[in-house]
Structures are given as C-alpha cells and as structure tokens.
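Nothing in this text is a laboratory measurement; each read-out follows from the coordinates by a stated rule. Please read these numbers as outputs of a predicted model, since none were measured by experiment. In this analysis, Cβ positions are derived from the backbone assuming ideal geometry, glycine residues included, and neighbour counts consider all displayed protein chains.
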Amino acid sequence: MELVVLGSGGWVPTPKRATTSMALRVGDDLWLFDAGTGLARLGEPGFRHLIPKTGIIHLWLSHLHLDHTVGLTFMTALWRNLTVIHVPASASTQFGPEVLDRLVAPPFFPHRLSEFEVEVRVEFLDPEGGPVRTAGSAVTVSAREQTHAGGSLGFRVGDALAFLTDTAYDPGAVSFVRGVQVLVHEAWAREEHGAEETRASLKGHTSAEDAARVARDAGAGELLLSHLPPLRDDAYYEEMLERARAIHPRTALCEDGLTRSL
Ligand SMILES: [Zn+2]
Ligand SMILES: [Zn+2]
C-alpha cells in the first residue's frame, strides 16, 4: 500500500498545507481518510495517478467538521469512480447517514450527493460494529470513538496505518494503535506550562508531545504529525517536531505530498 498526504493542516488551508485528507492505495481501490481541501490535490499532476482507472473510492470520514468534509463538493471534478462514503456513527453523534444531505445540498451547494455524476453510496460506520472489510480488500478498517466537539472516529488499517485526528489526548488509544507501522496523529500545539495545563486548554485536540506519548506507548513504528495549526510558522512546527522526537524518535511532520510505503 502507498500512503500519500493530500492535506496536512487543520482548520484553515494555507499555501503549503491544505486541510486534512490522506490517500491510501489499497489494491485497485483508493481509500481516502477525510475530505478537507487536500482532496483537491487529486486534480494536480503529481497526484492524479492515485485515482484508479476502475477501482472503487472509499472515503472514511473521521467527523463532519468542514475542514474535513468541504472536499465532498469537489468529487465530480476529480473522478467518476463508484464512491462509498463511510459516515461516522457513535453515541456522541446525533445524526444518521442522511446528514450528508444537509451538508451537500441547496442552498449551500447546487446538487445533492444522489444527483452527482459520480455514483455515491453512503454507509454508516458504527465503531461498535467491529472491523470492516471492503469487497476485494485484504485489510480491514477498525474505528474507535474519540473525544472531540461533536465526536470523531479514529481509524486503524490492519497493522499498517492508524489515523487519529481531531481528538483530545487519549491514553485509551494506545491499545487501539498498538504495533502499527505508521501512526498519523494530529498535533495542534506544543506544550506550554506542562502537559496537564496544555491538555486542559486544547479542548478536543492533542499536543505534539502527547501524540508522541501515544506513539511511544503503543510501540508504533513511525509517527507522522498532522492537522498542524495553520496560524503558526515553520519555526513553531520544528519545535513541535523536536519535542515529539525527544519522546518518540521516529517522528516526522506531515507535508502535503509526503508518501510512505506500507
Ligand atoms: Zn479539524
Ligand atoms: Zn474537528
């Protein structure tokens, strides 16, 4: 499998970092985790090859905040493949699969998903339902509920990849991602005035240091810090990286376009 970072930022897209989206080639299919503005990269020459000729596109949504979903409206500009959207269901989300018809519908967008030129199926993903295996795929996806405003899901793809974004620091995630080859984890800040005070101030997000603690405690291979804060500069990101590496040495910053073979 090949992992390609399409969008490595959170909240606001910047010239260097689109908002969150990760691409994973799985056999003949393309799996996408979140649909932030990074999804638009699939229209760029360096990324277009990721779209399969005939395979299915599976889009796994961690949650419905716009920095993770605005790309749903880009789809027909990018591909014609059958698309399955996996919408999170959990005790903390008070909606059903029809929620996307509120998000992608007039007056906010001219068409509903059911009217797209792309055939779109929407499935509800219940983290209690156990691992999901898509047709023809050798790997499974597991989901786990996280603490975030409105709820969110973390994902694990076999032993290859875990994708935890928009979540408060959660030691309970350690067993979920144990031994995974690559852990993509959000990092929304660096610690100021100690871990506890930072956790209290971040409200539904994680510091770089805490992301590294999860990676270390889980024995993850490499940690990739993502969903980086858009109002900071490179010096701040480097400081986040340095502090995370002091805890989990095999750590890198996500950049749009970064790839890993899994
Ligand atoms: Zn976000
Ligand atoms: Zn969010």
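Per 0.36 nm of contour for each residue apart, how much would the distance between residue 201 and residue 117 grow if the chain were fully extended, relative to their Cα-Cα spacing? Spell out each step's value before the answer.
On the way: separation 84, 0.36 × 84 = 30.24 nm, distance 4.39 nm.
Once the chain is fully extended between residue 201 and residue 117, it gains 25.9 nm.
Please report, in debye to the nearest 20, how large the charge dipole of the chain is about its Cα centre when each Lys and Arg carries +1 at its beta carbon and each Asp and Glu carries -1 there. Could you put the intermediate results ahead of the total?
Working: 24 positive and 34 negative charges, 95 e Å.
The calculated dipole for the chain is roughly 460 debye.
How much net charge surrounds residue 136 when only other residues with a Cβ under 12 Å from its Cβ are counted (Lys, Arg +1; Asp, Glu -1)?
Result for the local shell: -1.
Among 20, 76, 206, which comes first, then next, by fewest other beta-carbon atoms within 10 Å? Walk me through the numbers on the way to the answer.
Working: 20 35, 76 14, 206 31.
In increasing order of surrounding Cβ atoms, one gets 76, 206, 20.
Running a GNM on the chain with Cα contacts under 10 Å, which residue among 231, 42, 103 ends up with the highest mean-square fluctuation?
231
Please figure out what share of the DSSP beta bridges in segment 1-128 is antiparallel and state it in percent, rounded to the nearest 5. Provide the component values of the computation, followed by the final result.
On the way: 10 of 25 bridges.
Around 40 percent of the beta bridges assigned by DSSP in segment 1-128 are antiparallel ones.
Hey, can you grab everything whose amide H is under 5 Å from the amide H of residue 86? Only 5+ residues off in sequence or another chain; H modelled, so Pro and N-termini drop out.
59, 60, 61, 123
If you fit an axis through the alpha-carbon atoms of helix 208-218 and take the longest principal axis of the Cα set of the chain, what angle between them do you get, 0 to 90°, nearest 10?
With both axes taken from Cα atoms, the answer is about 90 degrees.
Regarding the chain, what whole-number volume in Å³ per residue does the convex hull of its Cα atoms give?
Details: hull volume 31.4 nm³, N = 262.
Dividing the Cα hull volume of the chain by its residue count gives 120 Å³.
Between beta-carbons, use under 15 Å as the cut-off and find the net charge around residue 249, counting Lys and Arg +1, Asp and Glu -1.
Numbers: positive: 213, 216, 243, 245, 250; negative: 209, 217, 222, 242.
The answer is +1.
Taking Cα atoms, how many degrees apart are the long axis of helix 234-247 and the longest axis of the chain, rounded to 10 and kept between 0 and 90?
Between helix and principal axis, roughly 70 degrees.
Within 10 Å of each residue's Cβ, count the other Cβ atoms and sort 51, 85 from fewest upward. Kindly include the intermediate steps, with their values, before the conclusion.
Numbers: 51 17, 85 24.
Neighbour counts put them in this order, fewest first: 51, 85.
If you rank 236, 169 by fewest surrounding Cβ atoms within 10 Å, what's the result?
On the way: 236 15, 169 20.
So the residues, fewest neighbours to most, are 236, 169.
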